[in-house]
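Just below is one structure, and these are the notes that go with it.
None of the figures in this text is laboratory data; all of them are computed from the coordinates on show. In this text the structure is predicted, and so the values were computed from the model without any measurement. With ideal geometry, Cβ positions are generated from the backbone for all residues, glycine too; neighbour counts draw on all protein chains shown.
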Amino acid sequence: MVVLLDVFPRSWVLMTCVLCWCVITEANDHCSRPLSRIVRNQLTEHFYSVFESKSEEPHRKCPLHLDRDLYRFQEGNKTQDYPSRWVCNFCGKAFLSEHYLDMHFDNRHSDELVKGTTVCLADFCDIFRCEVFENPRKDFFWEKKLCKEDRLTARRRRCEALMRSCLPQGNLSLDKELEIYEAIGANTCALLNCKNYWKPPHQEIAAWKIILYAVITPFFVMGLIVYYYAIFDHYFGDYPTDISWSREEEEESISLSRRSRRSPDLRKRYGGRPLMY
Ligand SMILES: [Zn+2]
């Protein structure tokens, strides 16, 4: 470095370093991690699972092949201990969210990207409906109204060509090939029309949420029952408010009650209420 500084001006060396850093970071800057994740999740659910169930593997040249995913190593080295703890398996550091772990991968483990003929899965977002998965609760009212069928038809054809390129290599019976093709296209290509494109993805509830609801719900119901019983008892409960009556007060009350029974004319006159004199 000292030799370099002697030969070249300091500003030149600095500019060269900045340029190198820009080139290195640009390599994966264009590839959105969240969008790639949306595509990857769909592939795991509807694509790789189909091949596994048939004991087959996608064609080596298929752009969606697992080995060509730019972020495959990094994504495989994430551990989520619980909702707010994400751990980097390369160095053991923990983060509050997946977003910060992604930033950590960019800053510290950029050398752990898949090398060679890599693919950015986010580039297939138009086929895998990323915009719908990004906003699962959005209505997409205007998008539905302004939807152009011919544009989606072009996407569907591209999707079908992509799926055909992924069919397993080797001697496969026509029936089995057609079976795989229809299964991998059912949740992708088949949805690329104005009727189905904007359908929201089914939202699966995480296991920890189900457990949380199962624990909290009985306590909540019990709390409600106790609350309403207390209110009912307060307003309609049939017991004296002051239970510390003296013996004399009790005898006086009984005496008044007897006198009241003996005087039907008075009871009639005062509406059956005990006489308070
Ligand atoms: Zn790390």
Any lysines whose Cα falls less than 18 Å from that of Lys138, other than same-chain ones fewer than 8 residues away, would be Lys195, Lys199
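Projected area of the stretch 40-167, taken from the Cα convex hull and averaged over every viewing direction, in nm²?
The Cα convex hull of the stretch 40-167, projected and averaged over all directions, gives 10.2 nm².
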Tally Lys/Arg at +1 and Asp/Glu at -1 over every other residue whose Cβ is under 11 Å from the Cβ of Phe90; what's the total? +1
Where q = 0.23 Å⁻¹, what log10 of I(q)/I(0) comes from the Debye formula for the stretch 122-179, counting one point per Cα? -1.01
Rough spin-label spacing in nm, given labels placed 7 Å along Cα→Cβ, for Leu96 and Gln80: 1.8
Proximal lysines relative to Lys78, as straight alpha-carbon distance under 17 Å, when same-chain residues fewer than 8 apart are discounted: Lys93
Where the centre of each part is set by its Cα atoms, how far does the stretch 165-186 sit from the stretch 101-153, in angstrom? 25
Pair Cys147, Asp175: separation of 7 Å Cα→Cβ label points (nm): 3.5
At R0 = 22 Å, how high is the FRET efficiency between Asp111 and Lys54 if r is their beta carbon distance? Nearest 0.05 is fine. 0.05
Mind jotting down the three principal axis lengths of the stretch 118-233 based on Cα atoms? Whole angstrom, largest first. 76, 40, 30
Given a cut-off of under 8 Å on Cα pairs at least six residues apart, what relative contact order in percent is computed for the stretch 98-195? 34
Sites matching trypsin sites (Lys or Arg not before Pro) across the stretch 32-135 that sit in DSSP coil, with at most 15 neighbouring C-beta atoms within 10 Å: Lys54, Arg60, Lys61, Lys93, Lys115
For the stretch 90-98, take each phi angle, set θ = phi - 60°, evaluate the Karplus expression 6.51 cos²θ - 1.76 cosθ + 1.60, and give the result in whole Hz per residue in order, putting x for glycine and proline. 6, 10, x, 6, 10, 9, 6, 8, 5
